[in-house]
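Below is one structure; the comments refer to it alone.
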Amino acid sequence: MDSLEVKVIRKTLEAEGITSFELARADGAPLPAFSAGSHVDVQIPGGLTRQYSLCNDAIEQHRYRIAVLRDPASRGGSVAMHEAVNEGDVIRISAPKNHFPLQHAPRTLLLAGGIGVTPLLCMAQRLAAIHADFTLHYCTRSAERTAFRQEISSSAFADKVFFHFDAGPAGQKLDLPAALAGATPEHQLYVCGPAGFIDHVVSTAKASGWRSEQIHLEYFGAAPQDTASDTGFEVKIASTGKSYTVGAAQNVVQVLKDHGIEILTSCEQGVCGTCITRVLEGEPDHRDMYFTDEEKAKNDQFTPCCSRAKSKTLVLDL
Ligand code: FES
């Protein structure tokens, strides 16, 4: 992985529970260019790696800006970012990667749920810069929990943004069917936020006639999984012929690591695609949010950090 050493040049409380971090090269040299929708992997004190979308204008090369929602219920990454990363600290990040690229379209609809605004804010800046036709609907719990509200309200594209607060009056709440109405096959929809928000947007869009190819999504963190009915299975390593048992409460990456077989991971929750491994035989039980439905149906690769097996054995191309 290409990694960069960057300095935290500013840490700002953007809203209740949301802090932004501006990152720059310590020597002031330009950072690698990025496109709207990109994220970086951040190496967090304590050994975790987490993905954060870049939410500054993609034209900038003097800084990257990320925003982190403090989530005490998560596995510790966001709390460590809030508590252990401060202005002046030097941290390591990956070069920007883009799994959520913006496509050219006559009209673009951006739907943000909470902290999911980050990649969409970068897209809004880009679309405004090229004078594209777009609308951003930004849904949050309340005005106090709405990161970048002031910045958006005073931006050149403020008239294309609609804020919707769960705690606010009924009249300002998002009328999703109305927002999705009137689409042509060329229109593109980008949605980012918690799993429940994304699922609701995607099902409503499909019911309104949007096709899968027009809908682009990026989950903010993994969807909760029901693991109660998980059972054990075998993984067989094609190169050695050796088999290992993955217990009901274990995952493939852990089990292989215990036997000296290292698979590179990053998010460990099926979001980033770092751990993708080819499957030669058997049927994976895909638990990731990285592959498309079509890719999952091929059953020739899976994400061993979180995915399991429907068949008794999976033969892996390792
Ligand atoms: Fe990110 Fe497996 S490590 S998908």
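For the stretch 242-261, a tally of residues being assigned to a loop (DSSP other than H, G, I, E, B) and within 16 Å of the ligand (Cβ to nearest atom) returns 3. Of all residues in the stretch 216-273, those being hydroxyl-bearing (Ser, Thr, Tyr) and free of Cβ contacts under 8 Å to residues at least 40 places away in the same chain number 6. Scanning the stretch 122-133 for residues that are in a loop (DSSP other than H, G, I, E, B) and surrounded by 17 or more Cβ atoms within 10 Å (Cβ to Cβ) yields one hit, 132.
Residue-wise test of (1) closer than 20 Å to residue 119 by Cα; (2) not in a helix (DSSP H, G or I).
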| site | (1), (2) |
| --- | --- |
| 135 | yes, yes |
| 138 | yes, yes |
| 151 | yes, no |
| 156 | yes, yes |
| 159 | yes, no |
| 164 | yes, yes |
| 167 | no, yes |
| 171 | no, no |
| 177 | no, no |
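Taken together, the residues in the stretch 40-64 that are under 15 Å from the mean Cα position of the chain (by Cα) and within 27 Å of residue 126 (Cα to Cα) amount to 9. I'd like the full set of residues that are in contact with a Gly (Cβ under 7 Å, 6 or more places away or on another chain) and away from the ligand (no atom under 16 Å from the Cβ), limited to the stretch 301-317. If the condition is that a residue be in contact with a Gly (Cβ under 7 Å, 6 or more places away or on another chain) and away from the ligand (no atom under 16 Å from the Cβ), then 311, 313, 315 are the ones that fit. Selection of the stretch 39-58 for residues being outside any strand (DSSP E or B) and modelled with pLDDT under 95 yields 45, 46, 47. Checked against the criterion of being of a type in the set (Gly, Ala, Ser), buried (at least 20 other Cβ atoms within 10 Å of the Cβ), at positive phi and part of a helix (DSSP H, G or I), the stretch 78-97 contains not a single residue that satisfies it.
Can you name every residue in the stretch 249-298 that is closer than 22 Å to residue 98 by Cβ and in contact with an Asp or Glu (Cβ under 6 Å, 6 or more places away or on another chain)? Give the steps one after another, and end with the answer.
First pass over the stretch 249-298, keeping only residues closer than 22 Å to residue 98 by Cβ: 264-276, 288-296.
Correct list: 266, 270.
Might you let me know whether the stretch 262-273 holds any residue that is of a type outside the set (Lys, Arg), assigned to a loop (DSSP other than H, G, I, E, B), in contact with a Lys or Arg (Cβ under 8 Å, 6 or more places away or on another chain) and away from the ligand (no atom under 11 Å from the Cβ)? Quick ask: steps written out before the conclusion?
Within the stretch 262-273, the subset of a type outside the set (Lys, Arg) is 262-273.
If we keep only those that are assigned to a loop (DSSP other than H, G, I, E, B) as well, we get 262-273.
Next, from what is left, pick out any that are in contact with a Lys or Arg (Cβ under 8 Å, 6 or more places away or on another chain): 263, 267, 270.
Right, trim to away from the ligand (no atom under 11 Å from the Cβ) and you get none.
Scanning the stretch 262-273 turns up no residue that is of a type outside the set (Lys, Arg), assigned to a loop (DSSP other than H, G, I, E, B), in contact with a Lys or Arg (Cβ under 8 Å, 6 or more places away or on another chain) and away from the ligand (no atom under 11 Å from the Cβ).
Residue check: residue 97 meets all listed conditions (1) within 24 Å of residue 48 (Cβ to Cβ); (2) touching a residue at least 60 places away in the same chain (Cβ under 8 Å) but one, namely (2). The residue that is farthest from the ligand (Cβ to nearest atom), counting only those in the stretch 278-300 that are of a type outside the set (A, V, I, L, M), in a loop (DSSP other than H, G, I, E, B) and buried (at least 16 other Cβ atoms within 10 Å of the Cβ), is 282.
The values are calculated or read from the model by the stated rules, or taken from the named source; none is laboratory data. This one's a predicted model, so the numbers in the text were calculated from it and none came from an experiment. Note that each Cβ is placed from the backbone with ideal geometry, even for glycine, and that neighbours are counted across all protein chains shown.
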